[in-house]
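See below for the structure under consideration.
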Amino acid sequence: MKELFPAKQVMGLVFSLVLTLVALLVHFTDMSFAVGMTILLVTAFIQAFLQLVVFMHAGESKDGKAIYTNVFYGFIIALVTIFGSLLILIWDM
Amino acid sequence: MEFFERFAVPHPSPMIYASMVAIGLVVIGIVFGITYFKKWGYLWREWFTTVDHKKIGIMYLISALLMLFRGGADAILMRLQLSSPDMEILDAQHYNEIFTTHGVVMIIFMAMPFIFAFMNLVVPLQIGARDVAFPRLNALSFWLFFAGAMLFNISFVVGGSPDAGWTSYFPLAGNDFSTSVGTNYYMIAIQISGIGSLMTGINMITTILKMRAPGMTLMKMPMFTWSAFIANVIIVFAFPVLTIALLMGTTDRLFATNFFTTTNGGMDMLWANFFWVWGHPEVYILILPAFGLYSEIISTFSSRNLYGYKSMVGSMVLISLLSFLVWTHHFFTMGQGALTNSIFSVTTMAIAVPTGVKIFNWLFTMYKGKIRFTVPMLYSIGFIPLFTVGGVTGVMLAMSAADYQFHNTMFLVAHFHNTIIPGVVFAMLAGLTYYWPKFFGFMLNEKIGKWSFWLLSVGFVLAFFPMYITGLDGQARRMYTYSEATGFGPLNLMSFFGAALMAIAFVTIVYNILYSIKNSPRNIGNDPWDARSLEWATHTPVPEYNFARLPQVASSEAYWDAKKNGHKLFTGELKDIHMPNNSGVPFIMGIIFFVAGFSFIFALWVPAVIALIGIFACMALRSFELDHGRHIHVKEIKEIESQYEGGAK
């Protein structure tokens, strides 16, 4: 029975529901823009990571390493592009 | 009649009318010729529906040569217009259109298909695979590229060409300043072929990661495959930025959004930013496979293994990362502060380091090697000093303070042609000569080939080195004329002569192909160059299934091991080979994309919606289609193998 029950996925679902509830707090409570945005960003990234690992099974096949390298590389390039653009067009313009 | 007025060229000249007639005649001629010789069935069966990576590679190759001709014709017209002061061959508008299409055609529709041609032709053979990972997707990539290219190329006779530069900066490219449909062509044609490029990127990465021959670890891959791998990784990360930027530009132009406008909260500089976030990695997408080809060629014709394999791979990985960290150097003068410019100056100069490592590795490969001066090797040897000049002027441009002087002058134009022509074009021509026998079964004539090389090199130096001087003297790029008092005349005349020599070189290359088709001997064996990697281990011309038995690999030069060190490449029994079926869907999707693109360009919404439905219908069809491929049975393989001299190896 234990092998048949997808404990990891159920836990994942519960956790992602919790994350959704936390994100909803931003709408229903009165908090500053900075705090709200931080909560949204943090929960969004954890949520995305959760989807990737638990529900899209990254890392479970033998390509796991390639998948994580890929995600990591994409992450770095996205961060560089976003913060570089902010630097060019807003912070240092 | 009002409906048809939108298709008129807004700025006609006798030259454009002549082109219309010429295009019409050529199309009629081709259709008549194919019908007369009853070749439609053959074309459909063997080419339009093919999913064979070799045939797709050959189609990329032919398209690239055609586009080289088109872009080259643009270049000659530009150089002619500038050959002496106050020329009146082209007016300002026509000149704008020509430099725009020259840039786009050369980068997107010449250089890109050229590198895709070699990736398609060579990578599966080098890794001992039977095809790419997704053969039908590969065909779709090609037909999307082709649809985009054709769409872009009809622009100058239907509705007008884009005229805002190949960078198409907003607000100039916006509706206020570019009123013709030209820039719509730019946005949509590049979008269509860009989708194809992205698919190729995914396809090639999967192929290289999943389909290598037994024993070939990542660090035992031949260098061209490594370079193709890195280039495709850059494609997958860079092209989505272009896709989105083009989409935003398209909606700005067609649906009056305000992403890149100067009012209503739009930011025109964001386009330049996005364009170069894609644009700088793009130049490495082009140059890395070129470096890969040089590595193969230099190692083969020096009769030595490649010096510093690991540092070659390492420097390419580093280049791929650094290529995403330098984009601001294309617009140092846009108004951002000194801090930003300094950061991007440093990252830009840092790229020179891994590139320098590669240059030294090639030199050390040749050092004490037994060098054979064949045509591919001549291009490779010519590349090293010429490209280094381009690299050094690149470091000059990287200094942001000095860039305020160089920016938008002919100095910059000289610099990037100095890297792209010896870097990419020489590599493509070297690769063309080097791999020609593998795919067509005969060599290109060496003597004519050497003439082409020398004409091209001398022409190149004559055409572009004077621009460094006129650039430093203040000749701006994209100016359609200049007065005699500027003193730019003589050097520009020299440039024109150089460009003419390069045009003659192109003619000799075409002549060489025709001459060799007629005169070259056909019994050249599998390995005419005494080469080192797996692609030469199979028959010439390559059978449909590439390898009757999958090769066993123990180093990056498996074939050399087999020839010299008694390595056994092919062992075991023949087995049935599983191959993909041909499909006409990619070709049809290409046509539908063409129609959709054309409709969007002219804001014809009814056909646009119909075509979009057609695209989704094709995708749905593919999703529900049952296609298990087919098998080539052992008996059949034996028959094919025995047709080659010496039978199966």
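Some notes on this structure:
- Label-point gap, in nm, between B:E573 and B:V27 - each point 7 angstrom along Cα→Cβ: 5.6
- Cβ-derived FRET efficiency at R0 56 Å, A:E3 paired with B:A92, nearest 0.05: 0.15
- Principal-axis tilt of helix B:182-210 within chain B, Cα atoms, nearest 10 degrees: 30
- Computed [θ] at 222 nm, deg cm²/dmol, chain B (DSSP H ≥ 4; -39,500 (n - 2.57); rounded to nearest 500): -22000 deg cm²/dmol
- Value of Rg/Rh across chain B [Cα atoms, Kirkwood radius]: 0.96
- Under Karplus coefficients 6.51, -1.76 and 1.60, residue-wise ³J(HN,Hα) of region B:234-248 in Hz, glycine/proline x: 4, 4, 5, 8, 8, 5, x, 5, 5, 3, 5, 4, 5, 4, 5
- Principal axis dimensions, region B:458-500 - Cα atoms, whole angstrom, descending: 28, 17, 17
- Debye equation applied to the C-alpha atoms of region B:144-213, log10 I(q)/I(0) at 0.24 Å⁻¹: -0.98
- More than 19 Å apart - percent of Cα-Cα pairs taken over region B:128-279: 59
- Above-threshold pairs, the threshold being 31 Å between Cα atoms, out of B:K368/B:K564; B:K368/B:K518; B:K438/B:K568; B:K38/B:K210; B:K220/B:K518; B:K39/B:K210: B:K368/B:K518; B:K38/B:K210; B:K220/B:K518; B:K39/B:K210
- Value in Å of the Kirkwood radius, where region B:407-513 supplies the Cα pairs that are averaged: 15.0
- Approximating the spin labels as points 7 Å out from Cα along Cα→Cβ, the B:K564-to-B:M219 distance works out to 2.1 nm.
- Ordering of B:463-474, B:287-298, B:557-568, B:620-631 by burial proxy (mean other Cβ atoms within 10 Å per residue, highest first): B:287-298, B:463-474, B:557-568, B:620-631
- Among residues other than B:G337 with Cβ under 15 Å from its Cβ, the summed charge is -2 (Lys and Arg +1, Asp and Glu -1).
- Theoretical FRET efficiency, 1/(1+(r/R0)^6), r = Cβ-Cβ of A:F75 and A:V10, R0 25 Å, to 0.05: 0.35
- Kirkwood Rh and Cα Rg combined as Rg/Rh, the protein assembly as shown: 0.97
- Residues in region B:298-326 that a label on B:K368 would reach, taking backbone N under 17 Å of a point 7 Å out along Cα→Cβ: B:299, B:302-309
- Counting only Cα atoms, the size of region B:71-146 along its three principal axes is 58, 22, 11 Å, in decreasing order.
- Chain B: relative contact order as a whole-number percent, Cα under 8 Å and 6+ apart: 17
- Two-decimal Rg/Rh across region B:469-550, once Rg and the Kirkwood Rh are taken from alpha-carbon atoms: 1.33
- Normalised per residue, the volume of the convex hull around the Cα set of region B:1-145 (Å³): 157
- Note on region B:273-377: percent of Cα-Cα distances in each 10 Å bin, starting at 0 and stopping at the bin with the largest distance, equals 15, 38, 26, 15, 6, 0.
- Counting Lys and Arg as +1 and Asp and Glu as -1 over every other residue whose Cβ lies under 10 Å from the Cβ of B:S583, the net charge comes to 0.
- Taking label positions 7 Å along the Cα-Cβ direction at both A:M56 and A:W91, the computed distance is 2.8 nm, reported to one decimal.
- For region B:504-513, Karplus couplings with θ = phi - 60° (6.51, -1.76, 1.60), whole Hz, Gly/Pro x: 4, 4, 4, 4, 5, 5, 5, 4, 4, 4
- Each residue of region B:343-360 was assigned a 3J(HN,Hα) from its phi angle through the Karplus expression (A = 6.51, B = -1.76, C = 1.60, θ = phi - 60°), giving 4, 6, 4, 5, 4, 5, 5, 4, 5, 4, 5, x, 5, x, 4, 5, 4, 5 Hz with x at Gly and Pro.
- Likely footprinting exposure, B:F383, B:F570, fewest C-beta neighbours within 10 Å first: B:F570, B:F383
- Relative intensity, log₁₀ I(q)/I(0), of region A:1-56 from a Debye sum that treats every alpha carbon as a point, q = 0.31 Å⁻¹: -1.17
- When B:H417, A:H27 are sorted by how many other C-beta atoms sit within 10 angstrom of their C-beta, beginning with the fewest, the order is A:H27, B:H417.
- Residues B:Y42, B:Y36 arranged by fewest to most Cβ contacts within 10 Å: B:Y36, B:Y42
- Those lysines that a straight Cα-Cα span of less than 19 Å connects to B:K575, excepting residues fewer than 8 apart in one chain: B:K635, B:K638, B:K649
- A Förster radius of 35 Å combined with the Cβ-Cβ distance from B:F497 to B:T388 puts the calculated FRET efficiency at roughly 0.90.
- Computed from Cα positions, the angle between helix B:53-82 and the longest principal axis of chain B comes to roughly 30 degrees.
- Compared with the dominant Cα axis of chain B, that is its longest principal axis, helix B:446-472 is turned about 30°.
- Three principal axis extents of region B:516-649 based on alpha-carbon atoms, in descending order, are 65, 38, 32 Å.
Every number in this text was worked out from the coordinates using simple rules, so none of it is lab data. Everything numeric here is computed off the predicted structure, so don't read it as measured data. Glycine gets a Cβ as well: all are built from the backbone with ideal geometry, and neighbour counts include every protein chain shown.
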